[in-house]
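Asks: Quick one: the structure is below, and I'll ask about it shortly.
Coordinate-derived values only; no laboratory data. These numbers were taken from a predicted model, which means no experiment stands behind them. We place every Cβ from the backbone using ideal geometry, glycine too, and count neighbours over all the protein chains shown.
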Amino acid sequence: MLFTDSVFVGVDPTSGHKSFTYAALDKDLHLLALAAGEMEDVIAFIEGQKSAVVAVNAPAGVNLGLVRERLKKALPTPHQIRSGEFRVAEFELRERGISVSGTPASAAISPAWMQLGFELYRKLEKLGFRKHPAENEPCQIMETHPHACFCVMAGSIPLSKPSLEGKLQRQLILYEHGLRIKDPMEFFEEITRYKMTKGLWPIQLLYLPEQLDALVAAYVAFLAVAKPWHVCSIGDQKEGLIVLPVKELKEKY
């Protein structure tokens with residue numbers, strides 16, 4: 001099989017202490033890497049792989065005004081005007097109750113993390129990566145969205161990402177989908193009365209929010225080529241498609 005030796009990489013450009021957090025899985029969903037670094041670190045890791053499929057938690061393109069054009073024929077309302085600030089994929093997610101940020105019409109006025117994403121896409125494309133779907137291409141890149149991923153995998157809006165409950169929920173979702181990561185239920189086995197009174201929580205058993213976001217992106221990269229019938233893409237190719245880890249989206253989340 002073409003992707004037997006592939007590494008599946010998820011990249012999150014919103015890490016607090018470093019520019020990127022990245023995770024890598026093998027074909028059996030074993031965790032190969034989970035680290036934070038700068039652009040050159042991410043590129044070096046990806047270049048070091050024989051073949052890699054990469055999913056990035058950032059827009060692949062700017063807002064081309066396609067939603068605004070779509071709504072032009074209807075009588076404009078404040079809601080519709082605001083909707084024009086989103087790409088097609090973002091608009092479709094928000095219509096389903098999944099809150100996501102909009103992408104500006106220019107990279108220059110985009111938030112820093114989006115600009116990092118744009119730069120990463122450019123660098124990987126220069127290295128020969130092809131935008132998914134690219135049949136029989138060993139090196140592919142795609143866009144995903146971590147919050148949307150956890151929403152569709154949970155079937156509802158998950159708990160707050162920075163909270164203890166939110167981290168447990170996300171880690172359990174990933175673990176239940178077969179990722180060979182730390183079992184979050186061990187967190188509860190480590191809790192005792194004594195530890196609680198001393199404030200000794202076993203937080204080392206839980207991943208950080210940005211690590212969970214990178215992990216779910218890596219899982220999307222895996223599904224997109226290993227089990228393409230388990231993913232769907234929304235949006236418009238001209239602005240960028242968002243790949244999500246379910247066959248079909250619900251109308252509302």
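Asks: Which of Ala226, Ala23, Ala60 moves most in a GNM of the chain, Cα contacts under 10 Å?
Replies: Highest fluctuation among the options: Ala226.
Asks: For the chain, what is the percent of antiparallel DSSP beta bridges, rounded to the nearest 5?
Replies: Around 55 percent antiparallel, to the nearest 5.
Asks: Based on other C-beta atoms within 10 Å, arrange Trp113, Trp229, Trp201 from fewest to most. Numbers along the way, then the final one.
Replies: Values: Trp113 17, Trp229 7, Trp201 14.
Least crowded to most crowded, the residues run Trp229, Trp201, Trp113.
Asks: Can you list residues from other chains, or at least 5 along the same chain, whose modelled amide H is less than 5 Å from the amide H of Leu31?
Replies: Arg180
Asks: Also, I was wondering about something else. Tell me the mean residue ellipticity at 222 nm calculated for the chain from its helices only (DSSP H runs of n ≥ 4, each -39500 (n - 2.57), averaged over every residue, nearest 500).
Replies: Working: 10 runs with 94 residues, N = 253.
The per-residue figure over the chain is -10500 deg cm²/dmol.
Asks: For the chain, what does the relative contact order come out to in percent, with C-alpha contacts under 8 Å and a separation of six or more? Working shown, then result.
Replies: Details: 480 pairs, mean separation 66.9, N = 253.
It comes to 26 percent, rounded to a whole number.
Asks: Also, quick follow-up: For Tyr175, Tyr207, what ranking results if the residue with the fewest other Cβ atoms within 10 Å of its Cβ goes first?
Replies: Details: Tyr175 15, Tyr207 22.
Fewest to most other Cβ atoms nearby, the residues stand as Tyr175, Tyr207.
Asks: On a 0 to 90° scale, report how tilted helix 112-126 is relative to the longest principal axis of the chain, with both axes built from alpha carbons and the result rounded to the nearest 10.
Replies: 80 degrees
Asks: Once amide H atoms are built 1.01 Å from N in the peptide plane, which residues 5 or more positions from Val7, or in another chain, come under 5 Å H to H?
Replies: So Val7 has HN proximity to Ser51, Ala52, Val53.
Asks: In segment 136-207, with Lys and Arg counted as +1 and Asp and Glu as -1 at Cβ, which of these residues, Pro184, Leu174, Gln140, has the Cα nearest the positive end of the dipole, that is, farthest along it?
Replies: Towards the positive end, the residue furthest out is Pro184.
Asks: Only residues of segment 130-171 count here: report those whose backbone N is under 17 Å from the spot 7 Å along Cα→Cβ of Leu32, or say none.
Replies: Under cut-off, by backbone N: 130, 137-142.
Asks: Could you give the angle, 0 to 90 degrees to the nearest 10, between helix 209-226's Cα long axis and the longest principal axis of the Cα atoms of the chain?
Replies: Tilt of helix 209-226: around 70 degrees.
Asks: Can you compute the charge dipole magnitude of the chain about its Cα centre, using +1 on each Lys and Arg Cβ and -1 on each Asp and Glu Cβ, nothing else charged? Give it in debye, rounded to the nearest 20. Don't skip to the end; give the middle numbers.
Replies: Details: 29 positive and 30 negative charges, 132 e Å.
For the chain, the charge dipole is close to 640 debye.
Asks: Of His132, His30, His17, which has the largest mean-square fluctuation in a 10 Å C-alpha GNM of the chain?
Replies: Of His132, His30, His17, the Gaussian network model singles out His17 as fluctuating most.
Asks: Here's a follow-up. Could you please rank Cys149, Cys232, placing first whichever residue has the fewest other Cβ atoms within 10 Å of its Cβ? Could you put the intermediate results ahead of the total?
Replies: Details: Cys149 30, Cys232 16.
Neighbour counts put them in this order, fewest first: Cys232, Cys149.
Asks: Please give every one of the lysines within straight-line cross-link reach of Lys238, meaning a C-alpha to C-alpha distance under 20 Å, and leave out same-chain neighbours fewer than 8 residues apart.
Replies: In chain and number order, the partners are Lys72, Lys123, Lys126, Lys131.
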